[in-house]
Amino acid sequence: MEIVKRSGSSVLGVVDESAIQGSALNLGDPKNGFFNLSFNANDLELWGDISPPAAASDLITDLYISNMLDRLNVIYGVKWDAIMEAINTVNLERKTVKYIPMAKGDPPVNSEAEYYELNPKLATSPTPATEDGQIDYKDYTPFVIVKEGQILARKRPRIPGREGRNVHGNEIPYRISVIKGYAGGENTRTDENYIYAEIHGQLVESKKVLSVQNTLVIRGGVDYHTGNIKFPGDVIIDGQVSDGFKIYSGGSVTIKQTFDVTESVIKKDLTVGGGIIGRGRAIVKVGGVVKTRFINNCRLAGRDNVYVTKEILRSNVYAMGAVDLGEKGIILGSSVYTIHGVRAKNIGTKFGKLSRIHCGSDFTIKQDKEKSTQRLKLIVSRLNDYRYAYDNMEDTQDGQVQRGKLKELMTRLEKEQSKASLHISELLDRINADENAVIQISGDISPGTFLEICQVSLEVTEPLHKVRIMLDNFLKKLVVQKLD
């Protein structure tokens with residue numbers, strides 16, 4: 001318990017009563033002044049209570065206290081300022097003053113060997129917050145992700161020991177402390193002062209050894225225990241990914257169960273043991289190959305082949321390679337955009353939502369063309385407005401000034417129009433990427449299905465069974481061949 005000394009005391013201050021322990025001595029007598037003294041452990045400190053003499057005319061003197069300290073062999077670290085302040089209070093106010101710090105020695109300084117301590121910024125993950133200050137638990141992660149060259153630990157230099165001294169002037173020996181520090185492990189580098197990460201990845205500590213892993217392995221699923229996943233390397237997820245959580249990976253992602261996707265950007269391949277569920281609002285961008293059991297209510301774009309073993313249902317799928325559902329997979333109520341063709345068992349059902357298959361064209365160039373066309377329309381519309389205003393401007397001095405400004409604007413827009421038209425023309429020359437793309441169906445294509453290869457289209461009006469559809473570039477039409 002803390003005991004605050006009397007008001008106005010600049011020397012006595014605040015005292016921790018628990019620090020006053022050890023041997024207690026009662027010296028003096030009520031007639032001449034009474035002392036209750038306590039040494040703490042190792043006689044490092046001396047605390048005392050001073051009571052006034054019985055007679056009001058008698059005073060306690062510093063000589064009286066000095067003799068008492070000599071009797072106790074207190075010769076080092078005597079706090080005469082505190083003692084004299086207490087004497088004055090006792091003599092003037094005729095009351096007992098307690099817990100006076102009468103002497104204090106020097107504690108020993110323990111010696112510490114040098115060691116590497118963890119960078120304190122890596123000890124805990126920050127708790128993210130939204131713009132309104134609310135905690136975003138989905139963006140909290142228990143994983144510590146580090147960058148190449150980041151400091152993982154720094155060396156604490158050796159601390160030399162120093163002997164202490166108690167109030168009797170006797171030396172107090174110091175102790176030698178050995179702290180087990182951190183050591184660098186896999187994918188780290190150690191020099192005289194620091195331990196660094198050699199790669200981007202997850203920081204892992206095991207038995208005081210720091211390592212950086214380029215693969216993040218999640219033993220369960222992705223949910224509030226993990227938060228959103230943001231990792232520079234490969235990610236392996238043993239469980240399922242829950243709705244509402246995002247994945248960003250600089251490598252490949254393997255999900256062994258269902259992928260309930262909200263938003264994901266994956267630089268390399270995506271492999272899903274279950275299937276991909278998007279709930280109509282999700283988007284997945286993959287820089288490599290996609291392999292999954294099904295794609296449901298999702299927008300997926302891949303820069304390579306997309307392999308699906310069961311179905312693509314109510315989804316938009318974009319592939320810079322081919323979309324391959326093998327001999328059993330079906331496409332229902334979906335739009336598929338692919339450069340190198342489609343293979344599946346069935347497209348559509350008799351009563352289901354119609355599907356659209358676009359092959360042979362580079363959909364990224366097609367999207368660029370559509371944006372450029374919209375921009376060209378806006379330029380032409382604005383240019384026509386300026387021309388109309390120019391032709392109907394009044395022939396006054398102010399009108400001439402306005403005409404000059406409009407002329408500058410029209411000249412600038414005419415240059416932008418020419419540039420946009422040239423860009424669209426160049427895109428048209430590149431939009432057809434594979435005239436040999438094939439749509440191959442081992443089962444049925446339902447009526448109403450829209451098929452397109454290199455911008456040449458065919459709407460299916462009668463059921464097609466076991467067919468291969470190709471482009472006849474000479475006739476500019478799609479040719480339907482029966483499979484053997």
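For S66, neighbours were defined as the other residues whose beta-carbon sits under 15 Å from its Cβ, and their charges (Lys and Arg +1, Asp and Glu -1) total -1. The ratio of the alpha-carbon radius of gyration of the range 383-484 to the globular-protein estimate 2.2 N^0.38 Å is 2.01.
Overall, the range 291-384 carries a charge dipole of about 300 debye about its Cα centre when +1 sits on the Cβ of Lys and Arg and -1 on the Cβ of Asp and Glu, all other atoms neutral.
Considered as an equivalent ellipsoid built on the Cα gyration tensor, the range 215-369 has semi-axes of 26, 17, 13 Å, the largest given first. Each label was represented as a point 7 Å from its Cα along the Cα-to-Cβ direction; for D238 and K310 these points are 2.3 nm apart.
About the Cα centre of the chain, how large is the charge dipole given +1 on each Lys and Arg Cβ and -1 on each Asp and Glu Cβ? Please answer in debye to the nearest 20.
Working: 63 positive and 61 negative charges, 383 e Å.
Using Cβ point charges on Lys, Arg, Asp and Glu, the chain gives about 1840 debye.
Over the range 364-427, the reciprocal of the mean inverse Cα-Cα separation, the Kirkwood hydrodynamic radius, stands at 12.9 Å.
Structural descriptor for the chain: relative contact order 7 percent, calculated from alpha carbon pairs under 8 angstrom and at least 6 residues apart. Across all directions, the shadow cast by the convex hull of the range 216-295 built on its C-alpha atoms averages 4.1 square nanometres. Sparse packing (at most 16 other Cβ atoms within 10 Å of the Cβ) combined with a DSSP loop state is found for the following GluC sites (Glu not before Pro) in the range 307-370: E327.
Legend: P(r) of the range 111-213 from all alpha carbon pair distances, 10 Å bins from 0, whole percents, reading 14, 32, 22, 17, 10, 5, 0.
K291: which aspartates and glutamates have alpha carbons under 19 Å from its alpha carbon, excluding same-chain residues fewer than 8 sequence positions away? Leaving aside aspartates and glutamates fewer than 8 places away in the same chain, those within reach of K291 are D234, D238, D260, E263, D269, D304, E311, D324, E327.
Overall, the range 342-484 carries a charge dipole of about 480 debye about its Cα centre when +1 sits on the Cβ of Lys and Arg and -1 on the Cβ of Asp and Glu, all other atoms neutral.
Taking +1 at the Cβ of each Lys and Arg and -1 at the Cβ of each Asp and Glu, which of G333, Q257, G201 sits farthest along the dipole of the chain towards its positive end, judged by Cα position relative to the Cα centre? The listed residue farthest towards the positive side: G333. Here the Karplus curve 6.51 cos²θ - 1.76 cosθ + 1.60, taken at θ = phi - 60°, turns the phi angles of the range 398-408 into couplings of 5, x, 5, 5, 5, 4, x, 5, 5, 4, 4 Hz, with x standing for Gly and Pro.
When restricted to Cα atoms, the chain yields an Rg and a Dmax of 42.1, 131 Å, respectively. Between helix 363-391 and the chain, what is the angle of the helix's C-alpha long axis to the longest principal axis, kept within 0 to 90° and rounded to the nearest 10? Between the helix axis and the principal axis of the chain, the angle is about 80 degrees. Size of the range 433-479 from its Cα atoms: along the principal axes, largest to smallest, the extents are 26, 18, 16 Å. Comparing P142, L475, Q455 along the charge dipole axis of the chain, the residue lying farthest to the positive side is L475, per the Cβ-charge model. Think of the chain as a dipole: +1 on every Lys or Arg Cβ, -1 on every Asp or Glu Cβ, centred on the Cα centre; then among W80, N110, H168, N110 lies furthest on the positive end. Taking the Cβ-Cβ separation of H168 and I199 as r and a Förster radius of 60 Å, what is the calculated FRET efficiency to the nearest 0.05? Plugging the Cβ-Cβ distance into 1/(1 + (r/R0)^6) gives 0.50. Couplings for the range 38-50, taken from phi via the Karplus curve 6.51 cos²θ - 1.76 cosθ + 1.60 with θ = phi - 60°, read 9, 9, 8, 4, 6, 6, 6, 9, 10, 10, x, 10, 10 Hz in order; Gly and Pro are left as x. Extension gain for K405 to E263 (0.36 nm times residue separation, less C-alpha to C-alpha distance): 46.4 nm. Within the set K369/K466; K345/K477; K155/K256; K147/K180; K310/K369, which residue pairs have Cα atoms separated by over 30 Å? Listed pairs above 30 Å: K369/K466; K155/K256; K310/K369.
Any read-out appearing in this document is the output of simple, stated calculations on the displayed coordinates, not a laboratory observation. Predicted, not measured: the structure shown is a model, and the values here were computed from it. Here Cβ is always computed from backbone atoms with ideal geometry, including for glycine, and neighbour counts include all displayed protein chains.
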